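The values are calculated or read from the model by the stated rules, or taken from the named source; none is laboratory data. The shown structure was predicted, so the numbers you read here are calculated from the model rather than taken from an experiment. A quick note on method: Cβ atoms are made from the backbone with ideal geometry, for glycine too, and the neighbour counts reach across all protein chains shown. Side chains are part of the model used for accessible areas, which takes the heavy atoms of the whole protein and leaves out ligands, DNA and RNA. Shrake-Rupley method; radii C 1.70, N 1.55, O 1.52, S 1.80 Å.
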Amino acid sequence: ERDRAKQDNNQPLSQAVKIIMNSFYGVLGSSGCRFFNPQLASSITKRGHQIIQTTKELIEKQNYPVIYGDTDSVFVLLGEGKSEDECKAVGLQLQEYLNQWWQQHLKEEFQIKSYLEIEFETHYLRFLMPTIRGASRGASRGAEKGSKKRYAGMINKNGEHKMIFKGLETVRTDWTPLAREFQQELYQRIFNNLPYIDLIKTTHDALLNGELNDKLTYTKRLRRPLETYTSMQPPQVKAAKKMKTPSRKIQYVITLNGPEPIENIQ
């Protein structure tokens with residue numbers, strides 16, 4: 001309990017350090033700043049990519065395939081036939097191995113102390129990552145690529161299964177309520193080995209019968225004054241131009257005639 005309390009106390013500090021470090025990249029990459037230096041900004045992204053790539057190679061040398069690499073994380077496939085305790089043990093072993101390797105490497109190569117900290121964060125009991133749209137055309141199955149920052153997984157939290165969504169429709173406010181609710185319920189059923197065909201059929205029929213029209217509303221915000229949109233006009237802009245007194249928050253539906261604000265439908 002003491003270690004857990006210590007870890008919780010370090011979280012705000014860790015988050016603050018992360019924000020500050022990210023701000024350095026923003027400052028160095030902004031031409032409006034006196035410290036602007038495109039070479040330094042480029043070096044930061046290049047070094048980050050190198051760290052992730054090297055970490056991936058180190059993990060795969062331990063005979064664990066890496067299925068996805070993000071800006072600051074890697075996803076490792078452990079395969080079937082392992083208990084949750086065994087999976088967590090592997091995660092902690094990889095954590096210790098990687099941190100020791102980076103400490104030694106940076107000391108020998110650059111004579112500096114390593115402040116990198118690789119942490120085993122989450123074990124997903126089940127995991128799904130949509131492939132990039134069109135990425136598999138003309139390519140082998142093994143060449144398919146996952147969409148960046150878009151996945152769903154199921155974890156065990158305090159003895160209960162919990163769904164984690166990242167970047168998918170169910171956690172995005174710019175999709176319709178129907179898309180969010182349907183995706184969440186569908187994944188819940190699939191991940192928990194529950195029947196889902198009836199859900200698809202029922203939703204499909206209700207949608208075609210007009211029973212779900214109230215859940216087909218898009219809500220998006222205008223990022224700048226309406227009159228400044230000239231060449232590019234996304235759906236929310238087209239809908240806003242049909243409104244008498246548009247605000248920054250635009251609610252609309254897609255019709256056969258294009259985007260239509262809710263106030264013109266009701």
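Just a few scattered comments:
- Accessible area expressed per residue, the chain, with surrounding protein chains retained (probe 1.4 Å, Å²): 74 Å²
- Normalised by residue count, the range 147-266 yields a Cα convex hull volume of 156 Å³ per residue.
- All lysines inside 21 Å of residue 201 as judged from Cα atoms, apart from same-chain residues fewer than 8 positions distant: 215
- Along its three principal directions, the equivalent ellipsoid of the chain from the Cα gyration tensor extends over semi-axes of 40, 29, 18 Å, largest first.
- Measuring nothing but protein heavy atoms, the accessible surface of the chain at 1.4 Å probe radius is 50 percent carbon and sulfur.
- Here the extension length gained between residue 196 and residue 263 equals 20.6 nm, from 0.36 nm per residue of separation less the Cα-Cα distance.
- Taking the helices alone, the chain has a mean residue ellipticity at 222 nm of -14500 deg cm²/dmol, built from -39,500 (n - 2.57) per DSSP H run of at least 4 residues and averaged over all its residues.
- Helix runs (DSSP H) in the chain reaching 18 Å along axis by Cα, Kyte-Doolittle at least -1.0: 2-28, 38-61, 177-191
- Working from Cα pairs under 8 Å separated by at least six residues, relative contact order for the chain is 7 percent.
- Inter-label distance, nm, simple model (7 Å from Cα along the C-beta direction), residue 13/residue 35: 2.2 nm
- Legend: residue pairs 18/241; 61/149; 61/162; 18/162; 56/88; 113/166, Cα-Cα distance threshold 29 Å; pairs beyond threshold, 18/241; 61/162; 113/166.
- With a Förster radius of 35 Å applied to the C-beta separation of residue 83 and residue 45, the computed FRET efficiency comes to 0.35.
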